[in-house]
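Written out below as structure tokens is the structure these notes cover.
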Amino acid sequence: MDIWQAIIIAIVEGLTEFLPVSSTGHMVITSALLNLNKDEFTKLFEVCIQLGAILAVVVLYWKKFLVFDKNRVDFYKKLIVAVLPALIVGYLFADKIDALLESPLVVGISLLLGGIVLLFVDNWFKQPTIEKDEEMNIFRALRVGFWQCVAMIPGVSRSAATIIGGMQQKLTRNVAAEFSFFLAVPTMAAATGYKLLKGRELLMSNTENLKLLLIGNIVAFIVAMIAIKFFINALKKYGFRVWGYYRIVVGIAILVAIGMGYKLSV
């Protein structure tokens with residue numbers, strides 16, 4: 001991986017991590033277009049640049065994370081409870097999840113089916129009753145956490161799964177989206193920390209790798225901040241239908257590429 005490939009991958013990560021379009025699916029397309037060699041560092045890089053993306057959430061919503069009062073204690077309790085299902089399932093089924101990550105076919109099908117679901121989400125949940133995350137109790141947060149487990153299937157989209165889960169728990173679209181952002185912080189921090197621990201020798205033995213990872217995180221941070229603000233505004237105006245159409249197009253493109261014999265790597 002060279003510096004320009006690192007920057008492009010980081011831009012894709014920052015743009016897609018918090019949108020309901022699947023960052024994994026877009027990594028498939030980007031890697032194929034760049035003819036990127038999926039060596040161990042590349043796999044580590046694609047996970048660890050999530051640090052930049054989650055830092056964007058902390059900065060944009062700094063009062064949620066850094067101003068400590070009674071509401072923040074409840075907020076952190078909800079995040080801890082909501083992240084537990086993904087941590088447990090991820091630990092128990094790590095090998096099977098990694099195997100799915102090797103299948104572009106799974107990504108394409110998940111994108112397509114998920115896009116169809118997003119076409120109807122706005123009609124399914126028309127009467128939300130929770131307009132602030134403070135109004136959500138621990139049990140609703142836990143149920144959203146179980147929805148997040150669905151996103152371990154590549155192409156489903158962690159953002160899409162948790163937002164739909166939030167809306168199913170009577171949260172408004174905006175509150176569900178914001179809670180999805182908040183939940184990404186402990187979820188992605190855990191995944192990144194685990195990957196860094198396993199790949200620490202790979203990083204420490206090569207200063208160029210450290211340089212690329214630092215640049216990638218900076219780019220992902222900047223782009224993610226823009227993407228989050230854009231998504232909230234677009235969600236208020238258009239709902240989920242536009243993202244559904246987009247996913248369907250991308251999913252079909254991947255399936256067609258596979259059918260034509262292109263070798264896509266995840």
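No lab work stands behind these numbers, since they all come straight from the coordinates. What you see is a predicted model, and the numbers here were worked out from it, not measured in a lab. Cβ placement follows ideal geometry from the backbone for every residue including glycine, while neighbour counts extend to all protein chains displayed.
Observations, loosely collected:
- Listed residues Leu142, Ala184, Val107: farthest to the positive end of the dipole of the chain (Cβ charges): Leu142
- For the range 123-168 and the range 18-34, distance of Cα centres in Å: 22 Å
- The trypsin sites (Lys or Arg not before Pro) found in the range 231-266 that occupy coil by DSSP, while having at most 10 further C-beta atoms within 10 Å, are Lys263.
- Length-normalised contact order for the range 3-259 - Cα pairs under 8 Å, 6+ apart - percent: 39 percent
- Set Lys77/Lys198; Lys77/Lys126; Lys170/Lys237; Lys70/Lys126; Lys63/Lys132; Lys64/Lys170 screened for pairs whose C-alpha atoms are more than 24 Å apart: Lys77/Lys198; Lys77/Lys126; Lys70/Lys126
- Here, the chain yields an orientationally averaged convex hull projection of 13.3 nm² when only Cα atoms define the hull.
- Among Gln50, Gln168, Gln148, residue whose mean-square fluctuation peaks in a GNM of the chain (springs only between Cα atoms under 10 Å): Gln168
- Computed over the chain, the per-residue total of -39500 (n - 2.57) for DSSP H runs of n ≥ 4 gives a 222 nm mean residue ellipticity of -25500 deg cm²/dmol, rounded to 500.
- For the chain, built as a Gaussian network whose Cα springs stay under 10 Å, the top-fluctuating residue of Asp74, Asp122, Asp95: Asp95
- Note on the range 1-121: Kirkwood hydrodynamic radius from all Cα pairs is 16.8 Å, rounded to one decimal.
- Largest mean-square fluctuation among Ala234, Ala151, Ala224, in a Gaussian network model of the chain whose springs join Cα atoms under 10 Å apart, belongs to Ala234.
- Dipole of the chain, positive direction: furthest Cα of Gln168, Pro154, Leu66, with charges on the beta-carbon: Gln168
- Loop-located chymotrypsin sites (Phe, Trp or Tyr not before Pro) in the range 25-128 (DSSP state not H, G, I, E or B) with no more than 13 neighbouring Cβ atoms inside 10 Å: Phe68.
- Sparsely packed trypsin sites (Lys or Arg not before Pro) within the range 127-184, loop by DSSP, other Cβ within 10 Å at most 13: Lys132
- Applying a length cut-off of 18 Å (Cα extent along the axis) and a mean Kyte-Doolittle floor of -1.0 to the DSSP H helices of the chain leaves 3-16, 70-92, 104-124, 138-150, 173-198, 207-238, 241-259.
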